[in-house]
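The structure under discussion appears below in the form of structure tokens.
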Amino acid sequence: MAGETKTSMSQNHKEALALGRAEGRVVRAYLEALEAQKPKRGRKRTKESVSSRLEDIETELQQADPIQRLQLVQEKLDLNEELEQMESVTDLQSLEEEFQKVAKGYAMRKGISYAAFRELGVPPAVLKEANISRTEN
């Protein structure tokens with residue numbers, strides 16, 4: 001349209017957007033780490049039990065028919081990946097500390113309640129440290 005001028009964002013607006021994106025990344029990283037560490041159903045596997053099964057697979061592969069070998073090779077790949085994940089422990093403590101610094105502001109801007117955080121597994125003590133109470137939102 002003729003005569004319209006394009007207005008640019010103020011510096012304050014740009015800073016607020018950048019802050020929101022940064023806080024969102026912190027909250028996302030913490031929630032993803034919590035989810036990854038959530039206990040799975042059944043007996044908890046250890047590095048030793050996974051390594052033991054990998055040794056058993058090597059023995060079984062020598063006598064397996066082609067279909068069994070295929071399944072054993074896939075199980076071996078899955079177990080090796082599981083072992084890698086066990087060894088790359090996420091530093092939940094530092095993510096938790098960063099979360100506690102930004103969660104209050106993030107929750108207020110986004111309208112996120114105490115109950116919503118709890119539903120995703122955020123411990124009450126973490127929310128308390130973040131100054132998010134049950135009575136807000």
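What follows draws every value from the coordinates through simple rules; no lab data is involved. Predicted, not measured: the structure shown is a model, and the values here were computed from it. Methodologically, a virtual Cβ is constructed for each residue, glycine included, from the backbone with ideal geometry; neighbour enumeration extends over all protein chains shown.
With the convex hull drawn over the C-alpha atoms of the stretch 41-89, the volume per residue is 79 Å³.
Considering only ALA130, SER51, LEU120, the residue lying farthest towards the positive end of the dipole of the chain is ALA130, judged by Cα position with unit charges set on Cβ. Each Cα pair under 8 Å and six or more residues apart adds its separation to the average, and for the chain the resulting relative contact order is 31 percent. Of GLN85, GLN37, GLN62, the residue with the greatest mean-square motion in the GNM of the chain, using alpha carbon springs below 10 Å, is GLN62.
For the stretch 38-83, what is the charge dipole size about the Cα centre, in debye to the nearest 20, if Lys and Arg each add +1 at the Cβ and Asp and Glu each add -1 at the Cβ?
With only Lys, Arg, Asp and Glu charged at Cβ, the dipole is about 500 debye.
Where [x] 46, 23, 12; [y] 28, 19, 11; [z] 35, 14, 11 are the candidate values, the label of the one calculated here for semi-axes √(5λ) of the Cα gyration tensor in Å is [x]. Placing a pseudo-label 7 Å from each Cα along the Cα-to-Cβ vector at ALA18 and GLN37 gives an inter-label distance of 3.1 nm.
What pairs from LYS44/LYS128; LYS44/LYS110; LYS14/LYS110; LYS47/LYS104 go past 26 Å between their alpha carbons?
Details: LYS44/LYS128 30 Å; LYS44/LYS110 36 Å; LYS14/LYS110 18 Å; LYS47/LYS104 38 Å.
The pairs that break the limit, which is 26 Å between Cα atoms, are LYS44/LYS128; LYS44/LYS110; LYS47/LYS104.
Computed from Cα positions, the angle between helix 47-61 and the longest principal axis of the chain comes to roughly 40 degrees.
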